[in-house]
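Student: Here it is: the structure, laid out below.
The values are calculated or read from the model by the stated rules, or taken from the named source; none is laboratory data. Treat the numbers as computed from the prediction; the structure is a model and nothing was measured. Cβ coordinates were reconstructed from backbone atoms using ideal geometry, including for glycine residues, and neighbour counts include every protein chain displayed. The area values use the complete protein model at the heavy-atom level, side chains included, leaving out ligands, DNA and RNA. Shrake-Rupley method; radii C 1.70, N 1.55, O 1.52, S 1.80 Å.
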Amino acid sequence: MNQERRLKNSLYRIRGFIALVPSVIRWKHVFMLVAVLAGLLFWFCLPAELFQAPYSTVILDRNGELIGASIAADEQWRFPPREELPGKFVEAVTLYEDRHFFRHPGVDLLAVGRAALDNFRSHRIVSGASTLTMQVIRLSRNGRSRTFWEKFKEMILAIRLELSCTKEEILALYAAHAPFGGNVVGLEAASWRYFARRPNQLTWAESAMLAVLPNSPSLVFPGKSRDRLLVKRNRLLDKLERYNVIDSLTCSLSKAEPLPPAPHPLPMLAPHLLNRIQQERGTAFEETNRMDPREAATRYRFVTSLDKTLQRRVNEIVLRHHRQLAGNGIHNAAALVLDVDTRQALAYVGNIPDLSDRNHGNHVDVITAHRSTGSILKPLLYAAMLDSGEMLPKELVPDIPTRIGSFMPQNFTRTYQGAVSANRALARSMNIPAVRMLHTYGVDRFYTLLKDMGMTSLHRPASGYGLALILGGAEGTLWDITGIYAGLARTVNRFFQDEPGPTSSYGRPRYLLSADPDPNNSTGPLPGPGAAWSTLEAMLEVSRPDVEGAWRNFTSSQRIAWKTGTSYGLRDGWAVGVTPRYAVGVWVGNADGEGRPGLTGISTAAPILFEIFGLLDHAGWFEIPESEMTEIEVCAHSGHRAGPYCEETIQMYVPLAGLGTRKCPYCRLVQCDASLEWRVHGSCERIGTVRQVKWFVLPTALEWFYRRNHSDYRSLPPYRSDCLESVSGGGTASLSLIYPRKNGEIYVPVELDGARGKTVFEAAHRNPDFLIYWHLDEAFLGTTRNIHQIALDPEPGLHTLTLVDENGERLEQTFRVLSKEDKN
């Protein structure tokens, strides 16, 4: 009973409250509330992201020409929206789809009434009265059923869209998302697929065909209702004439144009750059694009710094050389062309342009791949040592058998020059002088310099590379290395430009036209204009590929500073060249690292390099940065700063730091007799007849190889016999061979374990402290001091043993090693 009573009391209270509402709230307030709610619902009914379909990534050249595009994640060719549409298409599509587009608010009420009347008379739907704005809404709501309720919602959303977007923006949305047959979506993709050109280059006939196609996109397929498509296109052309959009002649000529054949493939001139942009800019494999159309256009459409014409021709050059190299099992090549002053890429061929071959790694972008550098870093060490004042351009560097710890470098030719000027060693890409130069400069310093110049592939500490760093012990990318060479040229160029900031201008290249240059985050000094200019001058002397006489003609027509490199095992061939305007880098090899005979930079990469330079404008040569250099007197023989005993000197421009280099250590004053055949001194020759002669004298180890390659080299004369005793401490000979005897026969013993043993050779010198340099068959063996013994195991046969001491005294003796058969 109590519960029933409480329930009745509650009902009475509710009735009383309801009875009081009319007195508190008037009906007009209810209408106002409903109107506000309806207004809010209308305003927020439009989705924030109208389209959520994925877009293709599109790359354009510096002039806006299409050079590549990727298919969208849903396998459709759908280019991102463009704000500007060609006038011909706008006239054609509005006249065909929505004649009052620029006058209605999103819904054409007259068209709605006319469509309703037509549908009533036909007892079926023959007209939908959809405006272009409504079609944009329908495209964004893809997959919705076609009902009257859906049509009503499209009208509401269309009116709302008109309040947020301009007519031009609505047209751009329609043009970007309308279907054009098959997997082609959007005007721009259709223009390229069907006519192979930009939308603003279309004729009236082509624009009219694309205007009618979204209404029936299946008509575009060859052999399928193409006559109907032709009729619809021509009707639209007649309508354009009737409304005075085109004249009768234009209409007739347009109607005479045939429909396009099968769809064209989209341009794919830089597929590797396209893939790189997708990976680095985060546009690859995205399922949706939840962003404003303008943002989508920015994120998925990239204006690169490439030049379409140059890109196509470099592609052709690389592909042509690839066909020749493939016969030797060399299947991959890459080329990069940079503008020196802007560091922008003008051509980017990441690999063989034929991506249909999936067996040889053509899809790999070699421009960003880490590959052994070979000798390509040598000019950078040369520039660094010039800039720091540790060397002059023509200074002699030893080129003799060298062992530093366990490392024993060899020249590519397996020969020795004894001593060679630094610039010539660079031009000939000699390994031993480069290693000795790096040993002097320091691996740690060079390692830091490379990183400061923009080399990003050095991931181990400097000690992990050691002296092999200069011979390909490290890996580099064509992107970084070509950029560093461009930095050398830019350093010289900027010296003559009125630009703020440091004149050293190293940094990574750029492939986007609008991208800001990377800041130079160097921690130490970089080679300045003087060292850079001297290095580029030295690189002029590199021998061109000796393939055809035409190379000599090319040499006289354009000056190019260039360098090649070949990695260990003949796996990588490099060539990089520089002019005041351009830097070109070329790599040739196999993406899987397989080495091949003849795979050298000079024979594979250099011909491609010079053919590419043949496409580029001639740019003259670099001006001398005179205020960063000084003219000094240099020894003509040693290349060092001239000393008091240098007989022949030349004037040379060197970087300012060259003023601190040491004077020539090889030219000295020598006392000779009147005939200059013997060295004498005051103890054995009258002072009046002694001649003081300036003589260029190399250390014995260098001289041994040097004079074999320099017929004009004059060895230091020996002491006359009567002068030798006072020099060497007595006796008639300073050097003798104890074992083996002259023309003797020896046998190399066999050890107890059956292994071939060694025979100890022994010599004696009047002055035990003198060094003796040992050579067997003109090959340097080593040196001895005090105890002149050396263990050897020469092969059976006739041999020549040569000993040379510090004063140039020379002893040469032949002997024969017996074989086992000879002994028996």
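Student: Please return the ranges of strands (runs of 3 or more DSSP E) entirely within segment 635-719 where 1 or more residues are open to solvent by 60 Å² or more (accessible area, probe 1.4 Å), over 24 Å from Pro393 (Cβ atoms) and among the polar types (S, T, N, Q). If you could, list the steps in order and put the result at the bottom.
Tutor: Values: elements: 649-655, 667-672, 691-696.
Strands (runs of 3 or more DSSP E) meeting the threshold: 667-672, 691-696.
Student: Out of segment 177-200, which residues are polar (S, T, N, Q) and within 16 Å of Leu60 (Cα to Cα)? First the steps, then the outcome.
Tutor: Step one: filter segment 177-200 for residues polar (S, T, N, Q), giving 183, 191, 200.
Passing the criteria: Ser191, Asn200.
Student: What is the number of the single condition among (1) at pLDDT 90 or above; (2) part of a loop (DSSP other than H, G, I, E, B); (3) among the charged types (D, E, K, R) that Arg103 does not meet?
Tutor: (1)
Student: Here is a further query. Mind listing whichever residues of segment 238-252 are more than 22 Å from Ala190 (Cβ to Cβ) and either part of a loop (DSSP other than H, G, I, E, B) or open to solvent by 50 Å² or more (accessible area, probe 1.4 Å) (or both)?
Tutor: Within segment 238-252, Asp238, Glu241, Arg242, Tyr243, Asn244, Asp247, Ser248, Leu249, Ser252 qualify.
Student: Additional query: Pairs under 8 Å by beta carbon, first residue closer than 20 Å to Arg343 by Cβ in segment 447-463, partner among the hydroxyl-bearing types (Ser, Thr, Tyr) and surrounded by 17 or more Cβ atoms within 10 Å (Cβ to Cβ), six or more apart or different chains?
Tutor: Asp452/Tyr506; Asp452/Ser522; Met453/Tyr506; Met453/Ser522; Gly454/Tyr506; Thr456/Thr477; Ser457/Thr477
Student: Filter segment 59-83 down to the residues that are in a strand (DSSP E or B) and under 18 Å from Phe180 (Cα atoms) and list them by number.
Tutor: Step one: list which residues in segment 59-83 are in a strand (DSSP E or B), which gives 59-60, 66-69, 77-78.
Ala69, Trp77, Arg78 - these are the residues of segment 59-83 that are in a strand (DSSP E or B) and under 18 Å from Phe180 (Cα atoms).
Student: Among the residues of segment 775-796, what is the count of those that are among the aliphatic types (A, V, I, L, M) and either within 20 Å of Gly418 (Cβ to Cβ) or touching a residue at least 40 places away in the same chain (Cβ under 8 Å) (or both)?
Tutor: Residues of segment 775-796 among the aliphatic types (A, V, I, L, M): 776, 779, 781, 787, 790-792.
After this cut, where a residue has to be either within 20 Å of Gly418 (Cβ to Cβ) or touching a residue at least 40 places away in the same chain (Cβ under 8 Å) (or both) as well, the list is 776, 779, 781.
Matching residues across segment 775-796 total 3.
Student: Sticking with this one: Being open to solvent by 50 Å² or more (accessible area, probe 1.4 Å), farther than 18 Å from Arg197 by Cβ and in contact with a Lys or Arg (Cβ under 9 Å, 6 or more places away or on another chain) is the filter here; which residues of segment 253-284 pass it?
Tutor: Hits for segment 253-284 are Lys255, Arg281.
Student: Kindly list the number of the only condition in (1) within 26 Å of Met430 (Cα to Cα); (2) open to solvent by 20 Å² or more (accessible area, probe 1.4 Å); (3) at pLDDT 95 or above that fails for Gly595.
Tutor: The one condition Gly595 does not meet is (3).
Student: Here are some conditions: (1) farther than 24 Å from Gly507 by Cα; (2) open to solvent by less than 40 Å² (accessible area, probe 1.4 Å). Arg424 meets all but one. Which one does it not meet?
Tutor: Here Arg424 meets the rest and fails (2).
Student: Taking the conditions exactly as written (open to solvent by 50 Å² or more (accessible area, probe 1.4 Å) and at pLDDT below 95), does Ser567 satisfy them or not? Show your work before the answer.
Tutor: Numbers: open to solvent by 50 Å² or more (accessible area, probe 1.4 Å): no; at pLDDT below 95: yes.
Taking the combined requirement at face value, the residue does not satisfy it.
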